[in-house]
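Chemist: The structure follows.
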Amino acid sequence: MTEVAAGTHVVPTIAELRRLVAERRAAGASVALVPTMGALHDGHLALVRRAREIADMVVVSIFVNPLQFGPGEDLDRYPRTLEADVAALAGLGVDAVFAPSVDEMYPSGGVGGTTVHAGPIGERYEGASRPGHFNGMLTVVAKLFGIVRPDVALFGQKDAQQVFLVSRMVADLDLPLRIETVPTVREPDGLALSSRNRYLGAAQRQAALVLAESLRAAEAAASDGASELLAEGVAAFGDHEGVSLDYFVVVDPGTFLPITEDFRGRALVLVAGIVGSTRLIDNAFVEVGGA
């Protein structure tokens with residue numbers, strides 16, 4: 001364990017982190033966990049700031065989890081910026097940065113061991129494009145919950161399907177913590193912050209704005225019903241070269257299943273697109289059929 005600033009420790013092992021958390025809990029501290037894969041941006045830091053507001057001790061994990069990357073995905077080139085990440089977190093008063101190795105998290109290699117299955121919703125949308133992704137994500141999140149035993153864990157709304165599945169896992173397995181969702185943080189032009197945005201060249205970044213544009217188009221048409229909402233959202237991609245639409249779907253936030261034509265009320269629009277070789281996602285809540 002290394003102390004990088006007053007009160008901020010970089011912790012590489014499970015045993016050390018458990019000991020640090022236990023010491024604070026013995027003194028009556030509440031604990032918040034912010035799970036990340038590093039390459040931190042202002043969206044991650046918004047989670048940390050919120051965690052700092054609601055808990056006495058803040059733990060941020062930085063771990064690029066190999067179980068949630070499929071063949072041909074960007075595991076090897078996923079940005080790793082630990083030194084800069086730690087500096088940013090120390091500036092926000094984070095108590096512990098848990099930065100384990102793959103061997104520390106998966107001493108048996110992570111293959112053939114116990115995993116968490118995301119169920120049918122985990123095979124839709126992101127799960128259809130990235131088979132096994134959510135099983136790997138839930139497995140590492142469950143491990144982090146078991147290691148830290150936080151009172152609250154914070155996730156960003158940008159990864160809406162992840163939030164839904166983590167929340168369902170907590171409810172289904174009766175895990176003793178609360179999940180808090182923090183709104184998506186965007187650039188001034190509307191682009192949702194993502195660690196993968198750094199892969200985009202100037203022209204690609206401009207093209208990527210179509211994801212947010214499609215959500216605005218869908219919201220504008222939402223009062224006319226599900227079909228019009230979908231049509232307008234998808235149509236936004238027609239004028240943009242360099243972006244391939246993966247999916248555009250409207251779901252019931254309570255079930256994460258696609259809404260029916262007669263649906264009325266609050267719904268969640270999910271969109272994913274590929275810009276060059278970079279896959280981006282976004283989402284927004286809309287009121288279908290009017291207020």
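The values are calculated or read from the model by the stated rules, or taken from the named source; none is laboratory data. Note that the structure is a prediction, hence the values are computed from the model and not measured. A quick note on method: Cβ atoms are made from the backbone with ideal geometry, for glycine too, and the neighbour counts reach across all protein chains shown. Remember, those area values only see protein heavy atoms, side chains included, never the ligands or the DNA or RNA. Shrake-Rupley method; radii C 1.70, N 1.55, O 1.52, S 1.80 Å.
Chemist: For A171, state whether it is without any contact (Cβ under 8 Å) to a residue 40 or more places away in the chain and in a helix (DSSP H, G or I).
Modeler: Judged against the criteria, A171 is a match.
Chemist: Still on this model: Please list, ordered by first then second residue, the pairs with beta carbon atoms under 8 Å, 6 or more apart or interchain, first in segment 260-281 and more than 19 Å from E219 (Cβ to Cβ), second at pLDDT 95 or above and assigned to a strand (DSSP E or B).
Modeler: Listed by first residue and then by second, the contacts come to I274/D246; I274/L280; R279/D246; R279/A272; R279/G273.
Chemist: Taking segment 277-291 as the search range and keeping residues that are at pLDDT 95 or above and open to solvent by less than 30 Å² (accessible area, probe 1.4 Å), which one is farthest from the chain's Cα centre (by Cα)?
Modeler: Top of the filtered list is V288.
Chemist: May I ask you to list the residues in segment 177-209 that are out of contact with any helix residue (DSSP H, G or I) (no Cβ under 9 Å at 6 or more places or on another chain) and without any contact (Cβ under 8 Å) to a residue 24 or more places away in the chain? Don't jump to the end; show me each part of the working.
Modeler: We begin by selecting, within segment 177-209, every residue out of contact with any helix residue (DSSP H, G or I) (no Cβ under 9 Å at 6 or more places or on another chain); these are 188, 196, 198-199, 201-204, 206-207, 209.
Correct list: P188, A202, Q206, L209.
Chemist: If you don't mind, there's one more thing I want to ask. Answer with yes or no whether G238 is of a type outside the set (A, V, I, L, M) and open to solvent by less than 40 Å² (accessible area, probe 1.4 Å).
Modeler: no
Chemist: Continuing with the same structure: Residue under question is P176, and the condition is that it be under 19 Å from A96 (Cβ atoms), part of a loop (DSSP other than H, G, I, E, B), outside the structural domain of A208 (by the TED database) and modelled with pLDDT of 95 or more; does it hold? Let's see the steps before the verdict.
Modeler: On the way: under 19 Å from A96 (Cβ atoms): no; part of a loop (DSSP other than H, G, I, E, B): yes; outside the structural domain of A208 (by the TED database): yes; modelled with pLDDT of 95 or more: yes.
So P176 does not fit the description; no.
Chemist: Residues in segment 143-161: is at least one within 27 Å of T13 (Cβ to Cβ), assigned by the TED database to the domain that holds L40 and without any contact (Cβ under 8 Å) to a residue 12 or more places away in the chain?
Modeler: yes
Chemist: Looking at T2, T8, T13, T81 in this structure, which one is open to solvent by 50 Å² or more (accessible area, probe 1.4 Å) and hydroxyl-bearing (S, T, Y)? Step through it out loud before you land on a result.
Modeler: Numbers: T8 fails: open to solvent by 50 Å² or more (accessible area, probe 1.4 Å); T13 fails: open to solvent by 50 Å² or more (accessible area, probe 1.4 Å); T81 fails: open to solvent by 50 Å² or more (accessible area, probe 1.4 Å).
Going through T2, T8, T13, T81 in turn, just one is open to solvent by 50 Å² or more (accessible area, probe 1.4 Å) and hydroxyl-bearing (S, T, Y): T2.
Chemist: Quick one: which residue in S223, S167 is in the same structural domain as G28 (by the TED database) and surrounded by fewer than 18 Cβ atoms within 10 Å (Cβ to Cβ)? Explain how you work it out, then say what you get.
Modeler: Values: S223 fails: in the same structural domain as G28 (by the TED database).
Residue meeting the stated conditions: S167.
Chemist: Considering each of R198, R186 in turn, give the residue that is exposed (fewer than 14 other Cβ atoms within 10 Å of the Cβ) and within 20 Å of the chain's Cα centre (by Cα).
Modeler: Only one candidate passes the filter, namely R198.
Chemist: How about segment 93-107: which of its residues are open to solvent by 10 Å² or more (accessible area, probe 1.4 Å) and under 20 Å from L154 (Cβ atoms)? Quick ask: steps written out before the conclusion?
Modeler: Filtering segment 93-107 for residues open to solvent by 10 Å² or more (accessible area, probe 1.4 Å) gives 93, 95, 99-104, 106-107.
Correct list: G93, D95, A99, P100.
Chemist: Does segment 93-105 hold any residues that are assigned to a loop (DSSP other than H, G, I, E, B) and aliphatic (A, V, I, L, M), and which are they?
Modeler: V94, A99
Table: residues versus (1) within 21 Å of R198 (Cα to Cα); (2) crowded, with 20+ Cβ neighbours inside 10 Å; (3) among the aliphatic types (A, V, I, L, M).
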position: A26; (1), (2), (3): no, no, yes
position: R52; (1), (2), (3): no, no, no
position: V60; (1), (2), (3): no, yes, yes
position: F63; (1), (2), (3): yes, no, no
position: P66; (1), (2), (3): yes, no, no
position: G91; (1), (2), (3): no, no, no
position: G109; (1), (2), (3): no, no, no
